[in-house]
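Engineer: Here it is, the structure in full.
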Amino acid sequence: MQYGLDRRVSTMHTGPNLAEDTIWIIDYELWTLLIASALRKQANVYIMTWRSILSCILVVKLSLVNFQGQLKAPLPHLFLLLLSIYSPTLATKFLFNGFKEAANLSLDASALITSNGILQLTNGSKRQIGHAFLSSPVHMLHRRSVVTSFSTAFVFEIVTVNGGGGEGLAFVVATSKTLPGAQNGQFLGLLSTQNNGNFSNHLFAIEFDTVKATGPFNDIDKNHIGVDVNSLESNVAKPAAYYADGGNKVSIELLSAQPNQAWINYNGVTGILNVTIAPLRLPRPRRPLISHAIDLSPIFKEYMYVGFSAATGNLTSHHYILGWSFSTDGVGSSLDPSQLPLSRQKDASPASRFRRLKITLGVFFGLLSSIALIALLIKSIKDGNFLSFIMLVAQIKDRFSQYGD
């Protein structure tokens, strides 16, 4: 016999023949659930819902009843009964403070994990695509209409190469880990000219875009965050920024080669999506950059893959993920900045190279001036013109003082 949750709960209250009436409710659906749960545990998937508390209370009550001899059913049968009436949600929760030991990731195209544990999506070459997804799908839709609430946080760096950076990266929820047919460049490795905008894509993404795309996408600028549903034309997009405690909006340069942290939260009950970003050194801002009402039930299937995509075009960047937290069971675990790996490519950015050049030139000319003064001092002493040397140094000092004023 097959019963829904309501039928099973009502059967629990039918009287003294509880055990005889309910033991036979256990059917093949239960064993399917148990097998699926066992297989998914290797991917850090656990059964974790508020019903667990009620189930524990029920176990205690049934155990007491059995102990008092009011039920003929043994405790193992009562335990199976508990599982049969328990309508669980398979919840996913994981935390990667670096990816050195992340064995349950599926990497595609140019994506790889560096020796120091950084998830590198692209390496600065032209026209690349990189994908990295959790190997096992996540339960995202219940009873074909109820979307799972989820939260994720990750730390990323985008390091430019040869003066101009592109194209961007995205957090993705999709039906595939490889996104077959996706194009590089402005498509960010997500979609292509053939399927962009198709309802059948079943794709949701938060893009961190560093190029103002031309054509049908109508990007707002070359430094923005957008919400994409089945298309690279964002439903809503905002220039990359965060709200400080005083309410002031502070811009963030995505191509700064500095680590930034992003938080993405979706409430499956209210349908509200919040996207927040801030430099890694700062705590999470109280006010999200994007707060958008969106129904994801037509977009999600029962099981979806979660991960990242990045792409380059003629403009290139290194796209890095330093840490990642995800949960469908409340707020996910916080990333620990002290445990995150550091990017080895920071010095590749134009700003870093320019600062290094200024320091090098300053040291060089300072050393050259010192050598010249020492040589002049020695010559003045030999010629008996030490007084003239002192006067020359005084003139140089006065000249620098004038520039300082």
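Each value in this text was obtained by applying a stated rule to the coordinates, not by laboratory testing. Predicted model only: the values in this text are computed from it and were never measured. Neighbour counts run over all protein chains shown; Cβ positions are idealised from the backbone, glycine included.
Engineer: Go through 286-293, 193-200 and give me the packing order, highest mean Cβ count within 10 Å leading.
Structural biologist: 286-293, 193-200
Engineer: Something else: To the nearest 0.05, what FRET efficiency results for Leu342 and Arg284 with a Förster distance of 25 Å applied to their C-beta separation?
Structural biologist: 0.75
Engineer: What FRET efficiency comes out for the pair Lys126/Met391, r = Cβ-Cβ distance, R0 = 51 Å, nearest 0.05?
Structural biologist: My answer for the efficiency is 0.30.
Engineer: Which entries in the list Lys177/Lys222; Lys126/Lys177; Lys126/Lys249; Lys249/Lys301 go over 25 Å, if you measure between the two C-alpha atoms of each?
Structural biologist: Flagged as over cut-off: Lys177/Lys222; Lys126/Lys249; Lys249/Lys301.
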